[in-house]
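Remarks on the structure that follows.
The values are calculated or read from the model by the stated rules, or taken from the named source; none is laboratory data. Everything quoted here is computed from the prediction, not taken from an experiment. All Cβ positions, glycine included, derive from the backbone under ideal geometry; neighbour counts span all protein chains shown. Surface areas here come from the heavy atoms of the whole protein model, side chains and all, with no ligands, DNA or RNA. Shrake-Rupley method; radii C 1.70, N 1.55, O 1.52, S 1.80 Å.
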Amino acid sequence: MASIPPIIDIRDDLRRAQDEADADVSDDFETVRDRLDAFGERDRADREGVVDEIDNQLLRVEELLDDEEATRAVRSARNRLHIYRESLDQTDPNLAVVDSGVRQHEEPEADGVLPVGEVTLTATVANSGDDAEVVPVVGFYDGDGEELESVRGPAFDLEAGTEGQIELEVDVPSDATHYAVSVVRAS
């Protein structure tokens, strides 16, 4: 079972929105949390459907809210979902980023917080197609979902039907709050 990519683990935005909301949206947010929990058990096609369901649910919530801070938190969550969709669109259909994480120096992986500065990013990539030479691409985003920087890693070989883990040393921009990893064929 794959984990939830950090870019769409929007529970932090949901908490902020619920704390500030002027309307009772707790049932709506519970539905979103349930969909997030089910995310890791799905294949790629189903995951895209789950992301669409979450985005639609958040759009309905956004229309209910009058509070500016709560609305901003919901928009942040939706921006993160859109970033995730874009990273999927950039990834070859036979390749998938199964898991990713970030750690600073030799510390354990950061829990929900993207460290700033030099970090080690790990990603597990699955190949359901033919043997391929692949390149990881990491995008860093600010709280508004604007891309700050994109970094391409070195190419590596990934045999058909296997998973491989890569590690990249990257420098996280100081105003980055989220990242997304995609993988493309080297050609």
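The table below gives the values:
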item	result
Residue identified as over 13 Å from VAL74 (Cα atoms), in contact (Cβ under 8 Å) with a residue 24 or more places away in the chain and not small (Gly, Ala, Ser) among PHE29, PHE39	PHE39
Within the stretch 145-184, considering residues that are open to solvent by 80 Å² or more (accessible area, probe 1.4 Å) and in a strand (DSSP E or B), the one nearest to ARG72 (Cα to Cα)	GLU147
Residue tally, condition free of Cβ contacts under 8 Å to residues at least 60 places away in the same chain and either on the phi > 0 side of the Ramachandran plot or among the small types (Gly, Ala, Ser) (or both), over the stretch 161-187	5
Cβ pairs under 7 Å, 6+ apart, first in the stretch 57-69 and open to solvent by less than 20 Å² (accessible area, probe 1.4 Å), second in a helix (DSSP H, G or I)	LEU58/VAL32; LEU58/VAL74; LEU58/ALA77; LEU58/ARG78; VAL61/ASP28; VAL61/VAL74; LEU65/THR71; LEU65/VAL74
Single condition GLU118 does not satisfy, out of (1) assigned to a strand (DSSP E or B); (2) at pLDDT below 90; (3) surrounded by fewer than 16 Cβ atoms within 10 Å (Cβ to Cβ); (4) acidic (Asp, Glu)	(2)
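Here's the yes/no breakdown for (1) modelled with pLDDT of 85 or more; (2) open to solvent by 60 Å² or more (accessible area, probe 1.4 Å); (3) in a helix (DSSP H, G or I):
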site: THR71; (1), (2), (3): yes, no, yes
site: SER76; (1), (2), (3): yes, no, yes
site: ILE83; (1), (2), (3): yes, no, yes
site: GLU86; (1), (2), (3): yes, yes, yes
site: VAL97; (1), (2), (3): yes, no, no
site: GLU106; (1), (2), (3): no, yes, no
site: GLY112; (1), (2), (3): no, yes, no
site: THR124; (1), (2), (3): yes, no, no
